[in-house]
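Colleague: Mind looking over this structure? Questions follow.
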């Protein structure tokens, strides 16, 4: 049975700087009443409002301007930001732009997406390098905290005692401890299948489709015969492993 953590009630939740993969690899938790829904990440963070810096790889607007969306890519995954009811929040934003998006995380038909509140167009391309370094440092800290909780959990099976110890000795909030334990359960129940063979095949395909500027992401999906839900994590693993990189948004190149 999954463990649900009720996030403390706040006037306005802080927008959490994160990667797109933090959201898409997490579990969407729905809460009752006025408690905000949130993403529970594999490292035990709870994200209801996200702040993501990424490149716009696609933009869409309906003819009546009642609906518009952008797809953004930060190198870890892609996600859509959707605007409804004639919102003009994406005016001035075009494909290829670097943007900083702040908004609420939502889920519909198994798709995680963002309802944008603010969209900044970022002129200095060095900003995304700084953001990635910041997020890498945060990830290392999250891993350290999770390991600490896991080690203390071996010493006591009582959740209340564990929360008390972590707060008194390490100043880790009880809600964070619960979230980390819940993320462990999520990881155990949703372990991915072995993709070793698929990774090799995709890497070979990337090399084959590369005409000089990298293989087009859409072409990789079409040629592989795999669906996007299967191939997306494989490509992200290859990027994380340093086996390939993105010379430009939407293109993958083997190192």
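The values are calculated or read from the model by the stated rules, or taken from the named source; none is laboratory data. Quantities reported herein were computed from a predicted structural model and do not represent experimental measurements. Note: ideal-geometry Cβ built from the backbone for every residue, glycine included; neighbour counts use all protein chains shown.
Colleague: Tell me which residues, restricted to segment 16-42, are touching a helix residue (DSSP H, G or I) at 6+ places or on another chain (Cβ under 6 Å) and surrounded by fewer than 21 Cβ atoms within 10 Å (Cβ to Cβ).
Modeller: Within segment 16-42, 27, 42 meet the criteria.
Colleague: Hey, could you check segment 175-185 for residues that are surrounded by fewer than 18 Cβ atoms within 10 Å (Cβ to Cβ) and either under 19 Å from residue 25 (Cβ atoms) or in the same structural domain as residue 241 (by TED's automatic domain parsing) (or both) and say which is modelled with the highest pLDDT?
Modeller: By that ranking, first place goes to 184.
Colleague: Here is a further query. Report yes if some residue within segment 158-170 is outside any helix (DSSP H, G or I), over 30 Å from residue 57 (Cβ atoms) and free of Cβ contacts under 8 Å to residues at least 60 places away in the same chain; otherwise report no.
Modeller: yes
Colleague: Turning to a different aspect of this structure: Tell me which residues, restricted to segment 96-129, are part of a helix (DSSP H, G or I) and in contact with a strand residue (DSSP E or B) (Cβ under 9 Å, 6 or more places away or on another chain).
Modeller: Matches in segment 96-129: 127, 128.
Colleague: To continue, here is another question. Mind listing whichever residues of segment 48-67 are surrounded by fewer than 21 Cβ atoms within 10 Å (Cβ to Cβ) and in a strand (DSSP E or B)?
Modeller: Correct list: 49, 51, 57, 58, 59, 60, 61, 67.
Colleague: Something else: I'd like the full set of residues that are in contact with a strand residue (DSSP E or B) (Cβ under 7 Å, 6 or more places away or on another chain), in a loop (DSSP other than H, G, I, E, B) and free of Cβ contacts under 8 Å to residues at least 40 places away in the same chain, limited to segment 209-249.
Modeller: Answer for segment 209-249, where residues must be in contact with a strand residue (DSSP E or B) (Cβ under 7 Å, 6 or more places away or on another chain), in a loop (DSSP other than H, G, I, E, B) and free of Cβ contacts under 8 Å to residues at least 40 places away in the same chain: just 214.
Colleague: Starting from residues that are part of a loop (DSSP other than H, G, I, E, B) and touching a helix residue (DSSP H, G or I) at 6+ places or on another chain (Cβ under 6 Å), keep the ones in segment 71-88 and report whichever is surrounded by the most Cβ atoms within 10 Å (Cβ to Cβ).
Modeller: The residue in question is 74.
Colleague: Show the residue pairs meeting these rules: Cβ distance below 6 Å; 6+ apart or different chains; first residue within segment 111-125 and under 13 Å from residue 48 (Cα atoms); second residue at pLDDT below 95 and in a loop (DSSP other than H, G, I, E, B).
Modeller: Partner pairs satisfying both residue conditions: 116/89.
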